[in-house]
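Just below is one structure, and these are the notes that go with it.
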Amino acid sequence: MNWKDILKFDDMMRETWREFGGKLIDILKSTGFEVKSAYHVEENADDWNKQHAKIRPYTHMTEEEEQSNEGMGAYGHELIITDREEPFVSSGYGTATLTIKFIEDDWVTYSNPRNEDIPHKRVTDFKIEEVSMTTGAKRNIDVKMDMGNIDNSQSGLRDFLQRILEVFKKYAEYDEDYGDMSEEEIREERGARAGRRYAGGAWAAGHRDNVWDDY
């Protein structure tokens, strides 16, 4: 595929696996989650190190295969997410940690006329390969998540965010005083709070209309 062909794509928001992952992490943090970084960097570190520290790379390739594939192999992320805001915790950090491993599933390659010897890659979507959740006591929770592919786009970011919120709403363990509310009223209250958080995250992901409609 050449440069002119790539310009025909309807969705020019498609980005590299690192750019997608960085935006997802920023949105999760803005929505009230803590995301474990690959390594620690000081506040005065340069932007390159700060961006790379966010990402915990995930791939099936060995180091030798990575060096020989010229960036054309499949890469992804290992997301380790802990909640730190209501409705899943009343204060401090949450008691459940969600781990998601997802990786590039489909992409196209193209050539830039300025440097035709180096191939470039446009990722179409990612697939979720593994999901797990543990409590603060390291007890495994039998968590289920929508495992459909994630589109590499702004709408894909919003979709991924909503799936993560649904998992925490359904499975996360936390202590909170709801007074004399019934179990049904508590579930409704949790859902309403999660809906407000999703609306905020969707706004951060670029969605501007009808962000409340999903709840």
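Kindly provide the set of residues from region 75-111 that are at pLDDT below 80, closer than 27 Å to SER153 by Cβ and aromatic (Phe, Trp, Tyr), ordered by number. The answer is TYR110, and nothing else.
Here's the yes/no breakdown for (1) modelled with pLDDT under 65; (2) within 26 Å of GLY21 (Cα to Cα):
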position: ASP117; (1), (2): no, no
position: THR135; (1), (2): no, yes
position: MET147; (1), (2): no, yes
position: SER155; (1), (2): no, yes
position: GLN162; (1), (2): no, yes
position: ALA172; (1), (2): no, yes
position: GLY179; (1), (2): yes, no
position: GLU183; (1), (2): no, no
position: GLY200; (1), (2): yes, yes
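Across region 146-174, the qualifying residues are those that are aromatic (Phe, Trp, Tyr) and not in a loop (DSSP other than H, G, I, E, B), and the one among them that is nearest to the chain's Cα centre (by Cα) is PHE160.
All conditions in (1) at pLDDT below 75; (2) under 28 Å from LYS144 (Cα atoms); (3) among the hydrophobic types (A, V, I, L, M, F, W, C) hold for MET61, with the sole exception of (1). Beta carbons closer than 7 Å, at least 6 apart along the sequence or on distinct chains, pair a first residue in region 63-82 that is under 17 Å from THR16 (Cβ atoms) with a second that is assigned to a helix (DSSP H, G or I) and not aromatic (Phe, Trp, Tyr) for GLY73/GLU65; GLY73/GLU66; HIS77/GLY21. Name the residues in region 36-58 that are under 20 Å from the mean Cα position of the chain (by Cα), surrounded by 11 or more Cβ atoms within 10 Å (Cβ to Cβ), more than 16 Å from LYS23 (Cβ to Cβ) and modelled with pLDDT under 85, would you? ASN49 - this is the single residue of region 36-58 that is under 20 Å from the mean Cα position of the chain (by Cα), surrounded by 11 or more Cβ atoms within 10 Å (Cβ to Cβ), more than 16 Å from LYS23 (Cβ to Cβ) and modelled with pLDDT under 85.
The values are calculated or read from the model by the stated rules, or taken from the named source; none is laboratory data. On a predicted model such as this, the values are computed, not experimentally measured, just so you know. Cβ atoms come from the backbone with ideal geometry, glycine included; neighbour counts cover every protein chain shown.
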